[in-house]
Amino acid sequence: METIDVYRGSEEKDEDGNVIQGAVKLWNSFQGLIAPVTVPETPSEISLGVTYDHTIYIRSTAPTGILDTDLIGVRGRTVPVDGVVAVWNDTHGNHIGDVINVKLKEG
């Protein structure tokens, strides 16, 4: 099990009273399992980038509340959530946890 930090922008209001995203701060931390995803890279003339791609499994009896707009601190990097957070149910329909995909390409 590894520590998974979830960062979220705070809700603030601008001078007109509109809700905007403020500074990104640590929202919550969980314990989870991290599985690397292997995807073949096709380098191009403009990018020989490195992709950091993981699937994260967090066991919990209720949804974690992680959003697809959150940033995840995993293995020393802060990476965005890639897609919608999936619900992990057992064969009886009981909530087992959430499955989060994260992906970051550098370069």
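The values are calculated or read from the model by the stated rules, or taken from the named source; none is laboratory data. Everything quoted here is computed from the prediction, not taken from an experiment. Note that each Cβ is placed from the backbone with ideal geometry, even for glycine, and that neighbours are counted across all protein chains shown. Please note that ligands, DNA and RNA were not included when accessible areas were found on the heavy atoms of the full protein model with its side chains. Shrake-Rupley method; radii C 1.70, N 1.55, O 1.52, S 1.80 Å.
Here are the numbers for the structure shown:
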item	result
Members of the range 65-98 found to be surrounded by fewer than 18 Cβ atoms within 10 Å (Cβ to Cβ), modelled with pLDDT of 90 or more and under 14 Å from Gly32 (Cα atoms), listed by number	Gly73, Trp88, Ile96
Hits in the range 2-40 - residues which are β-branched (Val, Ile, Thr) and closer than 25 Å to Arg75 by Cβ	Thr3, Ile4, Val6, Val24, Ile34, Val37, Thr38, Val39
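Here's the yes/no breakdown for (1) assigned to a strand (DSSP E or B); (2) open to solvent by 40 Å² or more (accessible area, probe 1.4 Å); (3) at pLDDT 90 or above; (4) under 21 Å from Asn89 (Cβ atoms):
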position	(1), (2), (3), (4)
Thr3	yes, yes, yes, no
Glu15	no, yes, no, no
Val24	yes, yes, yes, no
Trp27	yes, yes, yes, no
Ile58	yes, no, yes, yes
